[in-house]
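Shown next, in structure tokens, is the structure this report addresses.
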Amino acid sequence: MTFIGFFIIPMIIQVIFPKYLESSDAIQIMNLSLLPMSIVKIHMPKLLAIEKSRFILTGLIISLSVWVPTMIVFGTVYVILEAATSFVLATIIQDVYFFMVSKKLNEEDHIGK
């Protein structure tokens, strides 16, 4: 889906919605977040299943603490492109956090057995 959204959707926008050509760059950037978002959506139920919801809350707080300031800083200059970039950045950072938490929990599980 990421590759389709990155390469095909801008061509579709040019043909079907020519008035919205400015948004095609933002759509391409936002599509880059599909892969990290899907990985986040895989980690969240795993953490909920082992009753570690505090890590989910922490990950969301980290994501928001990156997303909001970068949107304020970047959004005043380039508006839509940098706002999309800040969303992708926040999603990637949240994904890295969940990956590190899952790795730590797996190591603790193997040590405990």
(message) So if I check each of V96, V101, V88, V66, which one is modelled with pLDDT of 90 or more, in contact with a Lys or Arg (Cβ under 9 Å, 6 or more places away or on another chain) and not aromatic (F, W, Y)?
(response) V101
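Results for (1) surrounded by 12 or more Cβ atoms within 10 Å (Cβ to Cβ); (2) of a type outside the set (V, I, T), shown as yes or no for each residue.
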{"site": "A49", "(1), (2)": "no, yes"}
{"site": "S53", "(1), (2)": "no, yes"}
{"site": "G59", "(1), (2)": "yes, yes"}
{"site": "V66", "(1), (2)": "yes, no"}
(request) Answer yes if at least one residue in the range 36-56 is assigned by TED's automatic domain parsing to the domain that holds A83 and among the acidic types (D, E), and no otherwise. (result) yes
(message) Going residue by residue through the range 25-33, is there one that turns out to be closer than 21 Å to M1 by Cβ and surrounded by fewer than 16 Cβ atoms within 10 Å (Cβ to Cβ)?
(response) yes
(request) Filter the helices (runs of 4 or more DSSP H) completely within the range 1-89 down to those with at least 2 residues that are of a type in the set (A, V, I, L, M), over 16 Å from the mean Cα position of the chain (by Cα) and within 21 Å of V101 (Cα to Cα). (result) 34-49
(request) Go through the residues of the range 90-102 one by one and say whether even a single one is aliphatic (A, V, I, L, M), surrounded by 18 or more Cβ atoms within 10 Å (Cβ to Cβ), on the phi < 0 side of the Ramachandran plot and without any contact (Cβ under 8 Å) to a residue 24 or more places away in the chain. (result) no
(message) Just checking, does the range 1-24 include any residue being of a type in the set (K, R), in the same structural domain as L81 (by TED's automatic domain parsing) and free of Cβ contacts under 8 Å to residues at least 60 places away in the same chain?
(response) no
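The values are calculated or read from the model by the stated rules, or taken from the named source; none is laboratory data. Given the structure is predicted, the values throughout are model-derived calculations rather than measurements. All Cβ positions, glycine included, derive from the backbone under ideal geometry; neighbour counts span all protein chains shown.
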